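Colleague: Sharing a structure, written as structure tokens. Questions coming.
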Amino acid sequence: MSAPKIARIDQSKLRESAYDALREAFTRGAFAPGETVSLRTLADQLGTSMTPVREAVRRLVAEGALVDTPSRTLEVPPFDAERMRELKSARLALEALLLEEAMDHLNAGGIDALEDIISAPRTDSDMPDLKQNYDFHFSLYRHARSRVILPLVEALWLQYGAFLNLVVQERAANEIPEHIHHEEIIAALRKSDRKAAQRALALDIERSFKLLLPES
């Protein structure tokens, strides 16, 4: 009796899925600065073997989301004020470019979709919804149709993700409405007011940095 025919698992997709899941977790602030990361724990959480996780982690180290220490321990980069200032400057510059380009392509349906993202029901009313925040920004930025700047901004968000973990724990994070600047961006988009949109975007980016760098 011949063995049953079972399609072979596409290992390349398994590796990519592990990377995508971990990258998304780092981007939305699932890991805190200085946190030690175990390959075994990550593999258990993903429900996969060590191999795809090891390869995903190697890519995350190259992208700056993790540090492979001399003791061979994987660690989220610790809090670094100067690094945060660089990330802030880079985000302000590059995301402004994406917004400018996106406004050349956005239509009413695209703006409505942005509004739907921030008006979706919350799962936790006590903490800012980092996934909503990410979805809003990158749904907007993808309208820029950029093959160069968008990947750079994604890399910046990946490095900044750990700092977001600290931001949401700050009491001041909830002192003003979570989506106030997102709503200002949407209002400006509906009026095709580029200056107002850029001003609201800058305020939104600066808001989180000011919580950890009050002097910035």
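Colleague: Tally up the residues in segment 28-66 that are open to solvent by 60 Å² or more (accessible area, probe 1.4 Å) and in contact with a strand residue (DSSP E or B) (Cβ under 6 Å, 6 or more places away or on another chain), please.
Modeller: 1
Colleague: Ok, one more. Kindly establish whether Ala25 is more than 18 Å from Tyr160 (Cβ to Cβ), of a type in the set (Gly, Ala, Ser), at pLDDT below 90 and open to solvent by less than 20 Å² (accessible area, probe 1.4 Å).
Modeller: no
Colleague: Let me ask something additional. Are there any pairs with C-beta distances below 7 angstrom linking a residue in segment 187-206 that is over 17 Å from Tyr141 (Cα atoms) to a residue that is among the small types (Gly, Ala, Ser) and exposed (fewer than 14 other Cβ atoms within 10 Å of the Cβ), with the two at least 6 apart or on different chains, and if so which?
Modeller: none
Colleague: So in segment 97-118, with the set limited to residues that are open to solvent by 60 Å² or more (accessible area, probe 1.4 Å) and either at pLDDT below 90 or among the hydrophobic types (A, V, I, L, M, F, W, C) (or both), which one is farthest from the chain's Cα centre (by Cα)?
Modeller: The selected residue is Ala108.
Colleague: Would you call Val148 free of Cβ contacts under 8 Å to residues at least 24 places away in the same chain and surrounded by 11 or more Cβ atoms within 10 Å (Cβ to Cβ)?
Modeller: no
Colleague: Would you be able to tell me the number of residues in segment 119-130 that are modelled with pLDDT of 80 or more, within 27 Å of Ala155 (Cβ to Cβ) and loosely packed, with under 15 Cβ neighbours inside 10 Å?
Modeller: Summing the residues that are modelled with pLDDT of 80 or more, within 27 Å of Ala155 (Cβ to Cβ) and loosely packed, with under 15 Cβ neighbours inside 10 Å in segment 119-130 gives 1.
The values are calculated or read from the model by the stated rules, or taken from the named source; none is laboratory data. Source: prediction; values computed, not measured. Because the Cβ atoms are built from the backbone with ideal geometry, glycine has one as well, and the counts that use them run over all protein chains shown. Only protein heavy atoms, including side chains, enter the accessible area calculation; ligands, DNA and RNA are left aside. Shrake-Rupley method; radii C 1.70, N 1.55, O 1.52, S 1.80 Å.
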